[in-house]
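Right, one structure below, let's go through it.
The values are calculated or read from the model by the stated rules, or taken from the named source; none is laboratory data. What you are looking at is a predicted structure, and each value in this text was computed from that prediction instead of being measured. Heads up, the Cβs are rebuilt from the backbone with ideal geometry, glycines too, and the neighbour counts pull from every protein chain shown.
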Amino acid sequence: MTDQPTPCDDHGPAPVLENRPVIVEVRNVNKAYLRGSHIIPVLREIHFDIREGEFLALMGPSGSGKSTLLNLIAGIDKVDSGSIVIGGVDITALDETELARWRATHVGFVFQFYNLIPVLTAFENVELPLQLTGLSRAERREHVEMALRVVNLAHRMDHYPAQLSGGEQQRVAIARAVVTDPTILVADEPTGDLDRASAQEIMSLMCRLNRESGMTIIMVTHDPKAAEAAQVIRHLDKGYLNHAHP
Amino acid sequence: MRTLKLFFRNAFRHKLRTGLTVLGITIAILAFGMLRTMVNAWYAGVEASSANRLVIRNAISLVFPLPLAYKDKIRQVGGVTLVSWGNWFGGVYIEEKNFFPNFAVDPRSFLGLYPEYLIPDMQRASFLSDRKGAVAGKKVADKFGWKVGDTVTLKGTIFPGNWEFTIRAIYRGKDRSVDETQFFFHWDYLDETMKKTTPRRAGQVGYYIIGIANPNLAGEVSAAIDATFKNSLAETLTETEKAFQMSFVSMTEAILVAIQLVSIVIIVIIMAVVANTMAMTARERIGEYAVFKTLGFGGWFIAGLIFGESLFISLLGTAVGIGLTFPVAAAFADYLGTYFPIFFVERETVLMDLAAGVLVGVVAALFPTWRAVRIRIADGLRRIG
């Protein structure tokens, strides 16, 4: 598995995690969905930690609950029981408004289908999360340009999503996710809609963010190749969490 | 903030859909404005009435005359300042389609009672001194190309024969609410001719119009006049000019109610059309709203996006509709001025158009907003892809 080159090979050695503080504490989390009159358990007694600077891949078959777990950690869904503490904040105790405010400053999102706003340019898309901060227009511009430089798309900032390739759109989405310098970056199948070359570029970019900027990344993926970029891989199966290192 | 930019860009994402919706709103507002203007035109006579004027007519019906001899007794009633009289002449100019209202009036008292008819002093003097002289409203004079000094012949329908008049004056209204399509001539000319041709119809007037000193005493003055002629051969019915005009409008009240209902129905229909557009729009963008929420934008922002877009589309259509109402109303007034002599778009109509536009925009956005704000982020994101 490690004989093949990985997307992270060009970005230096993986950081040593043992001495790093825990940034995400998932404690006895349960989640079930109601389908008609049936209660379908999705996550059962999930319990694990993520350390600062960790690059975690969540893998598992369809329906295993990995996206649900990602949504819970990202604060866009609610647990049925248990708690999730991120950076010292128990996000399961926050109401919708507090959670929205918390997400705006602490979480960066990367989706499978990029989810850029089609009527906004790359620049305007990346600027969106900054609209909720108190930054001035000039400061916002500075941050956006820097984020677009990180993903090597500064020259395409005035282009609309429809004028960009899938890989470029995903890079803009990553720039949007990191522009606020969030505590964690969550990515749901970030390479799921891309060809192999673009997927490789995206994973390389995420490795760079993790290894050079120390960004904590939690990524859901079906793709073992993409998962190779992670330092820790956890498998979910039928709502239960297993653990494996790459 | 990029919110305004988002309204505009979102509004034109589906250019055809937005264009058709704006067109629908434009037509609805135009129709609404025209119907309201038509209703206003119907009430124009009522609105132009003076509180200082009373109308006296035969108590049985307006078609029955009153003796001229009543004028002296009416003058003696307390509170009466001026007495005038006249007849609906009903003359036809060349052919019946050239209809305009024409009256035989006692000129001096009539002009005294109607200061809103503005006539140059020289023309006024010329009219008063010529028994066969006539005054035409500016609109009717323009329509037929009459000038002061022209001879006009009307064919009598109620009073048979060809009646020749010389245009001695052309009046303008003091404001837009004054009917400029009327034609007045000397009652004496009518009466003298009747004396010669049909003596039994001489000395009869169709109505009296009187001026009163105090509008608050209109009821008392009316009662006193009617009491004076109680048990006579021609009992009178005295009422305010407004009530008199209203009696004509009330004859067509059912039509007016129907027009008003139709104008409301039009707004309800367009409300449904815009609501459908906004529902489609919001359904398509549920994923985007979920992304906004994910990024930390709250429900108010989502609501603002939907309401802003809905109001933008609605007010754009409203603005175009209002803009078109003026030339269409002007064309309508030119074409059907005979039936609607006072036909113009009132400020209240424009305000009602605007209110309708805002109402349509707000109501259309309610359900899509409720849905978009309530949807869970995870469910919204699932719609993408």
Taking only the stretch A:154-177 into account, find how many residues are surrounded by fewer than 22 Cβ atoms within 10 Å (Cβ to Cβ) and either of a type outside the set (Asp, Glu) or in a helix (DSSP H, G or I) (or both).
14
Among the residues of the stretch A:85-95, how many are surrounded by 21 or more Cβ atoms within 10 Å (Cβ to Cβ) and either more than 14 Å from chain B (Cβ to nearest Cβ) or assigned to a loop (DSSP other than H, G, I, E, B) (or both)?
1
Residues of the stretch A:65-88 classified as in contact with an Asp or Glu (Cβ under 9 Å, 6 or more places away or on another chain) and β-branched (Val, Ile, Thr), total:
4
Those strands (runs of 3 or more DSSP E) lying entirely in the stretch A:12-81 with at least 2 residues within 14 Å of chain B (Cβ to nearest Cβ) and buried (at least 19 other Cβ atoms within 10 Å of the Cβ):
A:38-51
Extreme residue, surrounded by the fewest Cβ atoms within 10 Å (Cβ to Cβ), among residues of the stretch A:222-246 that are assigned to a helix (DSSP H, G or I) and under 15 Å from the mean Cα position of the chain (by Cα)
A:Ala227
B:Ile264: in the same structural domain as B:Pro368 (by TED's automatic domain parsing) and touching a residue at least 40 places away in the same chain (Cβ under 8 Å), yes or no?
no
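One line per residue, one yes/no per condition, for (1) within 9 Å of chain B (Cβ to nearest Cβ); (2) in contact (Cβ under 8 Å) with a residue 24 or more places away in the chain; (3) over 29 Å from B:Arg376 (Cα atoms); (4) surrounded by fewer than 16 Cβ atoms within 10 Å (Cβ to Cβ):
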{"position": "A:Ser83", "(1), (2), (3), (4)": "no, yes, no, yes"}
{"position": "A:Thr97", "(1), (2), (3), (4)": "yes, no, no, yes"}
{"position": "A:Ala100", "(1), (2), (3), (4)": "yes, no, no, no"}
{"position": "A:Val107", "(1), (2), (3), (4)": "yes, yes, no, no"}
{"position": "A:Phe113", "(1), (2), (3), (4)": "yes, yes, no, no"}
{"position": "A:Pro129", "(1), (2), (3), (4)": "yes, yes, no, no"}
{"position": "A:Ser136", "(1), (2), (3), (4)": "no, no, yes, yes"}
{"position": "A:Glu139", "(1), (2), (3), (4)": "no, no, yes, yes"}
{"position": "A:Asn152", "(1), (2), (3), (4)": "no, no, yes, yes"}
Which of the residues spanning the stretch B:251-278 are assigned to a helix (DSSP H, G or I), under 14 Å from B:Ala41 (Cα atoms) and either touching a Cys at 6+ places or on another chain (Cβ under 6 Å) or of a type in the set (S, T, N, Q) (or both)?
B:Gln260
Any residue that is assigned to a helix (DSSP H, G or I) and either closer than 22 Å to B:Gly19 by Cα or of a type outside the set (A, V, I, L, M, F, W, C) (or both) - is there at least one of those in the stretch B:333-343?
yes
Any residue at all in the stretch B:63-79 that is touching a helix residue (DSSP H, G or I) at 6+ places or on another chain (Cβ under 7 Å), among the aliphatic types (A, V, I, L, M) and surrounded by fewer than 22 Cβ atoms within 10 Å (Cβ to Cβ)?
yes
Quick one: is B:Gly321 surrounded by 21 or more Cβ atoms within 10 Å (Cβ to Cβ) and not polar (S, T, N, Q)?
yes
Which number in (1) within 34 Å of the chain's Cα centre (by Cα); (2) of a type in the set (Phe, Trp, Tyr); (3) more than 14 Å from chain A (Cβ to nearest Cβ); (4) in a helix (DSSP H, G or I) marks the one condition that B:Phe367 misses?
(1)
Within the stretch A:192-221, can you find the residues that are assigned to a loop (DSSP other than H, G, I, E, B) and within 14 Å of chain B (Cβ to nearest Cβ)?
A:Gly192, A:Asp193, A:Leu194
Working only within the stretch B:236-248, note down all residues that are within 22 Å of B:Phe64 (Cβ to Cβ), of a type outside the set (Gly, Ala, Ser) and surrounded by 15 or more Cβ atoms within 10 Å (Cβ to Cβ).
B:Thr236, B:Leu237, B:Thr238, B:Glu239, B:Thr240, B:Glu241, B:Phe244, B:Gln245, B:Met246
Select, from B:Ser109, B:Ser84, B:Ser129, the only residue that is in contact with an Asp or Glu (Cβ under 7 Å, 6 or more places away or on another chain) and either buried (at least 18 other Cβ atoms within 10 Å of the Cβ) or not aliphatic (A, V, I, L, M) (or both).
B:Ser84
